[in-house]
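J.: Input: one structure, supplied below.
The values are calculated or read from the model by the stated rules, or taken from the named source; none is laboratory data. This one's a predicted model, so the numbers in the text were calculated from it and none came from an experiment. Positions of Cβ are backbone-derived with ideal geometry, glycine not excepted, and every protein chain shown enters the neighbour counts. The accessibility values were calculated without ligands, DNA or RNA, using every heavy atom of the protein model including side chains. Shrake-Rupley method; radii C 1.70, N 1.55, O 1.52, S 1.80 Å.
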Amino acid sequence: MAFAIQISNRWMHCVSAVDVMLSRANFFFRNCGSLIIGSFVVLMPLLLFPAVKAQEKVQLSVDASKPGARIDRNIFGQFAEHLGKGVYEGVWVGPDSKIPNTRGIRNDVVAALKAIRIPNIRWPGGCFADEYHWRKGIGPQRVVTLNPNWGGVIEPNTFGTHEFLDFIDQIGSEAYISVNVGSGTPQEAAEWLEYLTTSQQTTLAKERAANGHPTPYKIAYLGIGNESWDCGGNMTPDYYLSQLRIYSRFVRNFNPAQQDKLQMLKIAVGPGGGEARWTEWTESIMKAWQNHQWSWDMNGLSMHNYTVVRWPPAFLSVGFGETEYSQILKSTLEMEDLINKHSAIMDKYDPQKKIALIVDEWGAWYASLPSSHPGFLAQQNSLRDAILAALNLNIFARHADRVRGANIAQMINVLQAMILTDKEKMVLTPTYHVFKMYVPFQDATFVPVAFNAGTYTHGDITLPRVDAIAAKDAVGKLWLEITNVDPNSPVEIETSITGINARAARGETLTAPKVDSVNSFEAPNTVTTKSVSVKIVGGKVTLKLEPKSVTVISVEQ
Ligand code: AHR
């Protein structure tokens, strides 16, 4: 029972008949709470529905007349650290490379990333950010340094400020830069911001112009440190707060175009887990913010949470079976608890939700591929990762009022990547396809979906069998995402929609023969999307989900 309730808290689904009722109530309060809190009459009929057995039809009930928060497109952000082949080879090959490139940045990667409409990219780290000195990466003569965090390899600094912002420009994204708090100084960070953003003819602005960019850059987000409680300097909350107050004061953005609406958002270092150490961290920062002086401020609190089960990461990224599939998915669902926990603390000090929770490192972290340098965090990406990505994106969407940014780790060749490269070769991962399928959810309005997920059980692990979210886009089209977690059985879905008159629907699905199916350079389309048949029967949208699949459908009125 304890386990069942834990699941119900986490997911709003059910294990036994009793838990079905608990989870339904929980679901409705979570998704429609502001609309129906206190409405016991509304909940009663739901409590009387029979429990869903494993193979039964799943009924979704969408209320398009009750829009929720906007799903901030920044939850689809990416993270690119100077780590392994993430930047060098993944993005940067240099202008003299035989690999087709534009000013040193690979064309194939740019084209692929453009197609998934990346809202922002966090750079240069990660742990690397707190050892990064920006001046070494500008100008004609680059300083060669070391990357002690990730393999102790040479850092040529050939990819620096201008190259990163050129890359951002080429893919049509926004910059999320993390400044060095751990081993840098406020002066170094302040000067970087002046170099980047001033339009006045200071010496730094002239240097920027001499390096090829006379006009100020736009910097959308600024991270003040990274994991300052660990690789970023092992700081206590109080020590970090003293740094945050100073840095936040001096990292000014001078870009005239960013003084009003497009203001740069400052992101403070937040928690890295759910234990007391992390809740104390969130408490300290949020309490200090509540009482902050005019002279410092922040707009977001970061949170890092990897799906790893236990450290050091030992799960394989390919060549695993259903046991590891279910273990990893169980672990990834902990994201929900973590967000709830830290959101509750944030609500105490910021009931108006001015401060965003930015999950700026998330994803699966497995054992490094045997053929790779262990410090490069290279792993394959399977159908399991696609399902994991969908489950997390859905969690973020359900918390859209507070979670207004997230950055999957990491974009290319590192951890749960969108793209893998091997010199001139490139392959799109299953996770890439999920991000592409979710493009319509970017900045769409969350719409509540009620459903009874049923269960999927493997060994001693029981998970919700189905997950779903819905949203309305700018032109009023309804979008639904439905994940079938069960790797063995299809699921019949029947969706009733209020608030719009469903006239036509279509969709696409992502699945593959096995839970550990991957896309390789030799077989790049093993895990890919195909269209799915969706029918409207008696006003209800009906379709059959394949086992272990991610499906997105659009409904026209
Ligand atoms: O993404 C890999 C590492 O994970 C980052 O450098 C660090 O911030 C985190 O611990």
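Residue by residue, here is whether (1) out of contact with any helix residue (DSSP H, G or I) (no Cβ under 9 Å at 6 or more places or on another chain); (2) of a type in the set (S, T, N, Q); (3) under 21 Å from Trp362 (Cα atoms) holds:
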residue	(1), (2), (3)
Ile219	no, no, no
Leu222	no, no, yes
Asn226	no, yes, yes
Gln243	no, yes, no
Phe254	no, no, no
Asp260	yes, no, no
Val269	no, no, yes
Asp297	no, no, no
Met303	no, no, yes
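J.: Of the residues Ser199, Ser183, which is of a type in the set (Gly, Ala, Ser), assigned to a loop (DSSP other than H, G, I, E, B) and closer than 22 Å to Glu81 by Cα?
T.: Checking each option against the conditions leaves just Ser183.
J.: May I ask you to verify whether Gly94 is within 16 Å of the ligand (Cβ to nearest atom) and not in a helix (DSSP H, G or I)?
T.: The answer is no for Gly94.
J.: Hey, another quick one. Which residues, taken from the stretch 362-377, are open to solvent by 20 Å² or more (accessible area, probe 1.4 Å), within 16 Å of the ligand (Cβ to nearest atom) and in a loop (DSSP other than H, G, I, E, B)?
T.: Of the residues in the stretch 362-377, the ones open to solvent by 20 Å² or more (accessible area, probe 1.4 Å) are 365, 367-374, 376.
Restricting the remaining residues to those that are within 16 Å of the ligand (Cβ to nearest atom) gives 365, 367-369, 372-374, 376.
Listed by number, the residues that qualify are Trp365, Ala367, Ser368, Leu369, Ser372, His373.
J.: Quick one: which of Glu188, Glu227 is of a type in the set (Asp, Glu) and within 30 Å of Tyr306 (Cα to Cα)? Explain how you work it out, then say what you get.
T.: Working: Glu188 fails: within 30 Å of Tyr306 (Cα to Cα).
Just one listed residue meets the conditions, Glu227.
J.: Those residues that are within 16 Å of Phe167 (Cβ to Cβ) and of a type outside the set (A, V, I, L, M, F, W, C), I need them from the stretch 133-155; list them, please. Break it down into steps so the answer makes sense when it comes.
T.: Let us first name the residues in the stretch 133-155 that are within 16 Å of Phe167 (Cβ to Cβ), namely 134, 137-138.
Matches in the stretch 133-155: Gly137 only.
J.: Can you name the residue in the stretch 205-241 that is of a type in the set (Val, Ile, Thr) and part of a loop (DSSP other than H, G, I, E, B) and, of all such residues, is farthest from Val251 (Cα to Cα)?
T.: The selected residue is Thr236.
J.: For the stretch 473-491, check the following and say yes or no: at least one residue is assigned to a strand (DSSP E or B), of a type in the set (Val, Ile, Thr) and open to solvent by 50 Å² or more (accessible area, probe 1.4 Å).
T.: no
J.: Out of curiosity, is Val550 of a type in the set (A, V, I, L, M, F, W, C) and farther than 21 Å from Ser326 by Cα?
T.: Considered against the rule, which asks whether it is of a type in the set (A, V, I, L, M, F, W, C) and farther than 21 Å from Ser326 by Cα, Val550 comes out as no.
J.: Looking at the stretch 205-230, I want the residues that are closer than 30 Å to Leu301 by Cβ and have a partner that is within 16 Å of the ligand (Cβ to nearest atom) and open to solvent by 30 Å² or more (accessible area, probe 1.4 Å) with Cβ atoms under 7 Å, at least 6 apart or on another chain. Which pairs are those?
T.: Gly225/Gly182; Ser228/Gly182
J.: Name the residue, out of Ser16, Ser97, Ser34, Ser39, that is modelled with pLDDT of 95 or more and not acidic (Asp, Glu).
T.: Ser97
J.: Also: Quick one: count up the residues across the stretch 97-153 that are of a type in the set (Lys, Arg), in a strand (DSSP E or B) and under 19 Å from the mean Cα position of the chain (by Cα).
T.: To start, the set of residues in the stretch 97-153 that are of a type in the set (Lys, Arg) comprises 98, 103, 106, 114, 117, 122, 135-136, 142.
Cutting the leftovers down to in a strand (DSSP E or B) gives us 106, 122.
The next check asks that each one be under 19 Å from the mean Cα position of the chain (by Cα); those that pass are 122.
Summing the residues that are of a type in the set (Lys, Arg), in a strand (DSSP E or B) and under 19 Å from the mean Cα position of the chain (by Cα) in the stretch 97-153 gives 1.
J.: Here's a follow-up. Return the total of residues in the stretch 187-241 being open to solvent by 30 Å² or more (accessible area, probe 1.4 Å) and more than 16 Å from the ligand (Cβ to nearest atom).
T.: Qualifying residue count, the stretch 187-241: 24.
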